[in-house]
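So the structure is just underneath, and the comments pick up after that.
The values are calculated or read from the model by the stated rules, or taken from the named source; none is laboratory data. Just so we're clear, the structure is a prediction, and the values are computed from it rather than from any experiment. We place every Cβ from the backbone using ideal geometry, glycine too, and count neighbours over all the protein chains shown.
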Amino acid sequence: MKNVTFIGTGYVGLVSGTGISDFGHKVTCYDISEKKISSLKKGNIPIYEPGLEELIKKNTAAGRLFFSSDPEIAIKDADVIFIAVGTPMGEDGKADFKYVESAAKTIGEYLDSYTVICTKSTVPIGSGKKIINIINKSKKNDATFDYISNPEFLREGSALNDFLWPDRVVIGGSSKKSFDIMKEIYGPLFKNKKPIVYTTVTTAEMIKYASNAFLALKISYMNEVANLCESLGADIKQVAKVMGQDGRISSKFLHPGPGYGGSCFPKDTEAFASLGRKHGNKIRTIEAAIKTNSEQKLRMVKKIKNLIGGDFENKTIAILGLSFKPNTDDVRESASIEMIKNIKEKGGLIKAFDPVANDSMKIIFPDISYKNSWEEACKDTDAAVIMTEWNEFRGISLSHLKSLMKRPVLLDTRNILDVEKLKKNNFLFDNVGHNLLYEN
Ligand SMILES: NC(=O)c1ccc[n+]([C@@H]2O[C@H](COP(=O)([O-])OP(=O)(O)OC[C@H]3O[C@@H](n4cnc5c(N)ncnc54)[C@H](O)[C@@H]3O)[C@@H](O)[C@H]2O)c1
């Protein structure tokens, strides 16, 4: 059993910290936000993630999981310290390093014996050396440490499962002692025969950016293929399905939609492209994927505008789904933000509903109308837009929906509704890539 500390108790820190405590280690999750920590101590979980609350309860009750806003308590006796603070988009697309810098400084200030210091945050390639220097500069004694890069690949919405059953764990470092400690941290995964890959720090940092950027590229590519399908009369659903049957392509990430969002892809693609520019190796494919993505978000706005006759003025639109994907309340960079902003700016009125993300979106748009069900949101509206593929929207009764709305007008940006049923119910509708703009 090791003493493990997380610096940063956000999405990644809380999920990974809970996961590692479930592996049997003693974990302290530290955060500079005292409000967050005191709320966690009272059992209030700040994010929505399936299964997380139960696992936190289980491990706090077992005396393995603790929360603290005292850096000394958190750092002093730790065998391994994970840095899991945010790296948001900064100037010129670069990752903003200030939170990592401050976490590293704090670690140095309280370090008092040999510790493995491990970065889970997604940091620009080459950050390892910087972090080591900051810790060395702020150290007050001769305590030694080894540095590890251990990028995280969990996906919001299935974060716990991804953490506990990962496809791979990447451990970048250079000392056998630290590799052995990390092997002990991830011990249960060895028993489950999950691949653990040892690399250098720089390679581990590169693996994370290259992976995220590739997934974003795949999405943008499929969105462009879908858009061309619309012009040429091909069905993107079939195209994607058959493409996915090719093992070299794989069926994942082939679904077209309103453009990717979330706390990772937008900022990681920008940071990767920015690194390429800085080092004289432009990553043109990723630059293009970023541009395609912002255009895709606007293309969705144009689609709904066309459906309602070209003008949002005094029209009421229901927005179904606010989070950037289902099973999370995270709305960071969600495509629904661009949609709401544009409708609002052009004089439209919004009735919004998300099963869990209404409160998160209220922070960005406090002045739109939030509803408690899709039925309430769609009542007396001129059109409805599905922005997130929540399961409950897949089961919408179209006849009921039609009876609630002023006119049956619908944009399905996730292609989750049956086109034949939409036609049968005389909806004026559009989606992404089916070339099925259908007028009643
Ligand atoms: N969210 C994801 O799905 C995901 C997946 C993989 C990797 N990542 C990466 O993990 C990192 C963290 O992402 P997140 O989504 O958990 O961020 P987040 O914004 O949810 O959480 C960051 C936390 O760090 C805290 N913090 C900031 N500075 C601090 C400091 N000096 N000391 C202690 N706490 C501090 C903040 O208060 C906040 O609670 C990012 O680099 C991100 O790119 C995120």
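Return the only residue of Ile185, Ile196, Ile171 being more than 16 Å from the ligand (Cβ to nearest atom) and either basic (Lys, Arg) or free of Cβ contacts under 8 Å to residues at least 60 places away in the same chain (or both).
Numbers: Ile185 fails: either basic (Lys, Arg) or free of Cβ contacts under 8 Å to residues at least 60 places away in the same chain (or both); Ile171 fails: more than 16 Å from the ligand (Cβ to nearest atom).
Of the residues listed, the single one that is more than 16 Å from the ligand (Cβ to nearest atom) and either basic (Lys, Arg) or free of Cβ contacts under 8 Å to residues at least 60 places away in the same chain (or both) is Ile196.
Restricting attention to the range 83-134, and to residues there that are of a type in the set (D, E, K, R) and not in a helix (DSSP H, G or I), which single residue is surrounded by the most Cβ atoms within 10 Å (Cβ to Cβ)?
Taking the range 83-134 and keeping what is of a type in the set (D, E, K, R), we get 91-92, 94, 96, 98, 101, 105, 109, 112, 120, 129-130.
Pick out the ones that are also not in a helix (DSSP H, G or I) and you get 94, 96, 112, 120.
Working: Lys94: 18, Asp96: 15, Asp112: 15, Lys120: 23.
Out of the qualifying residues, it is Lys120.
Here is a list of conditions, (1) within 15 Å of the ligand (Cβ to nearest atom); (2) of a type outside the set (A, V, I, L, M, F, W, C); (3) modelled with pLDDT under 95, and Lys252 meets all of them except one; can you say which number that is?
(1)
Out of everything in the range 67-84 that is more than 10 Å from the ligand (Cβ to nearest atom) and β-branched (Val, Ile, Thr), what residue ends up being nearest to Gly128 (Cα to Cα)?
Ile81
Considering (1) within 19 Å of the chain's Cα centre (by Cα); (2) modelled with pLDDT of 95 or more, say which one Ala318 fails and leave the rest.
Failed condition: (1).
Conditions tested, residue by residue: (1) modelled with pLDDT of 95 or more; (2) not assigned by TED's automatic domain parsing to the domain that holds His255.
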residue: Ser121; (1), (2): yes, yes
residue: Ile125; (1), (2): no, yes
residue: Ile134; (1), (2): yes, yes
residue: Arg168; (1), (2): no, yes
residue: Phe190; (1), (2): no, yes
residue: Glu224; (1), (2): yes, no
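Regarding Asn150, is this residue surrounded by fewer than 20 Cβ atoms within 10 Å (Cβ to Cβ) and at pLDDT 95 or above? Spell out how you get there, then give the answer.
Values: surrounded by fewer than 20 Cβ atoms within 10 Å (Cβ to Cβ): no; at pLDDT 95 or above: yes.
Judged against the criteria, Asn150 is not a match.
Return a yes/no flag: does the range 46-63 have any residue that is among the small types (Gly, Ala, Ser) and within 15 Å of the ligand (Cβ to nearest atom). It would help to see each step written out before you state the result.
Initial filter on the range 46-63 (among the small types (Gly, Ala, Ser)): 51, 61-63.
In the following step, the residues that additionally are within 15 Å of the ligand (Cβ to nearest atom) were identified as none.
Looking through the range 46-63, none of the residues is among the small types (Gly, Ala, Ser) and within 15 Å of the ligand (Cβ to nearest atom).
Return the total of residues in the range 165-206 being assigned to a helix (DSSP H, G or I) and closer than 21 Å to Val123 by Cα.
Let us first name the residues in the range 165-206 that are assigned to a helix (DSSP H, G or I), namely 176-185, 187-191, 201-206.
Filter again for closer than 21 Å to Val123 by Cα, leaving 178-179, 182, 201-206.
Counting residues in the range 165-206 that are assigned to a helix (DSSP H, G or I) and closer than 21 Å to Val123 by Cα gives 9.
Looking at the range 48-80, which of its residues are assigned to a helix (DSSP H, G or I) and farther than 25 Å from Ala103 by Cβ? Show your work before the answer.
Of the range 48-80, the ones assigned to a helix (DSSP H, G or I) are 52-61, 71-76.
Selection gives Glu53, Glu54, Lys57, Lys58, Ala61.
Quick one: Leu154 ticks every box in (1) under 23 Å from the mean Cα position of the chain (by Cα); (2) not in a loop (DSSP other than H, G, I, E, B) except a single one, so which number is it?
Result: Leu154 fails condition (2) only.
Those residues that are surrounded by 16 or more Cβ atoms within 10 Å (Cβ to Cβ), basic (Lys, Arg) and assigned to a loop (DSSP other than H, G, I, E, B), I need them from the range 371-406; list them, please.
Lys371, Lys379, listed by residue number.
Condition test on Ile37, is it within 29 Å of Gly172 (Cβ to Cβ), within 15 Å of the ligand (Cβ to nearest atom), touching a Phe, Trp or Tyr at 6+ places or on another chain (Cβ under 7 Å) and modelled with pLDDT of 95 or more?
On the way: within 29 Å of Gly172 (Cβ to Cβ): no; within 15 Å of the ligand (Cβ to nearest atom): yes; touching a Phe, Trp or Tyr at 6+ places or on another chain (Cβ under 7 Å): yes; modelled with pLDDT of 95 or more: yes.
No, not satisfied.
So is Ser251 in a loop (DSSP other than H, G, I, E, B), over 16 Å from the mean Cα position of the chain (by Cα) and among the polar types (S, T, N, Q) or not?
Values: in a loop (DSSP other than H, G, I, E, B): yes; over 16 Å from the mean Cα position of the chain (by Cα): yes; among the polar types (S, T, N, Q): yes.
Spelling it out, Ser251 is indeed in a loop (DSSP other than H, G, I, E, B), over 16 Å from the mean Cα position of the chain (by Cα) and among the polar types (S, T, N, Q).
Kindly provide the set of residues from the range 406-431 that are aliphatic (A, V, I, L, M) and either over 23 Å from Lys341 (Cβ atoms) or under 29 Å from the mean Cα position of the chain (by Cα) (or both), ordered by number.
First pass over the range 406-431, keeping only residues aliphatic (A, V, I, L, M): 409-411, 416-417, 419, 422, 428.
Correct list: Leu410, Leu411, Ile416, Leu417, Val419, Leu422, Leu428.
In this structure, does Phe393 turn out to be touching a Leu at 6+ places or on another chain (Cβ under 8 Å), of a type in the set (Phe, Trp, Tyr) and within 28 Å of Glu295 (Cα to Cα)? Talk me through it step by step, then tell me what you get.
Numbers: touching a Leu at 6+ places or on another chain (Cβ under 8 Å): yes; of a type in the set (Phe, Trp, Tyr): yes; within 28 Å of Glu295 (Cα to Cα): yes.
Yes.
Determine whether Ser274 is surrounded by fewer than 23 Cβ atoms within 10 Å (Cβ to Cβ), touching a Lys or Arg at 6+ places or on another chain (Cβ under 7 Å), outside the structural domain of Leu154 (by TED's automatic domain parsing) and among the polar types (S, T, N, Q). Don't jump to the end; show me each part of the working.
Numbers: surrounded by fewer than 23 Cβ atoms within 10 Å (Cβ to Cβ): yes; touching a Lys or Arg at 6+ places or on another chain (Cβ under 7 Å): yes; outside the structural domain of Leu154 (by TED's automatic domain parsing): yes; among the polar types (S, T, N, Q): yes.
For Ser274, the condition - surrounded by fewer than 23 Cβ atoms within 10 Å (Cβ to Cβ), touching a Lys or Arg at 6+ places or on another chain (Cβ under 7 Å), outside the structural domain of Leu154 (by TED's automatic domain parsing) and among the polar types (S, T, N, Q) - is met.
Which one is farthest from the ligand (Cβ to nearest atom) among residues in the range 85-142 that are among the charged types (D, E, K, R) and under 22 Å from Thr203 (Cβ atoms)? Working first, answer last.
Pass one, the range 85-142, residues among the charged types (D, E, K, R): 91-92, 94, 96, 98, 101, 105, 109, 112, 120, 129-130, 137, 139-140, 142.
Now narrow it down to the ones that are under 22 Å from Thr203 (Cβ atoms): 94, 120, 129-130.
On the way: Lys94: 13, Lys120: 6, Lys129: 18, Lys130: 15 Å.
The extreme case among them is Lys129.
Given the condition under 25 Å from Pro256 (Cα atoms) and in contact (Cβ under 8 Å) with a residue 40 or more places away in the chain, answer yes or no: does some residue in the range 360-375 qualify?
There is at least one residue in the range 360-375 that is under 25 Å from Pro256 (Cα atoms) and in contact (Cβ under 8 Å) with a residue 40 or more places away in the chain.
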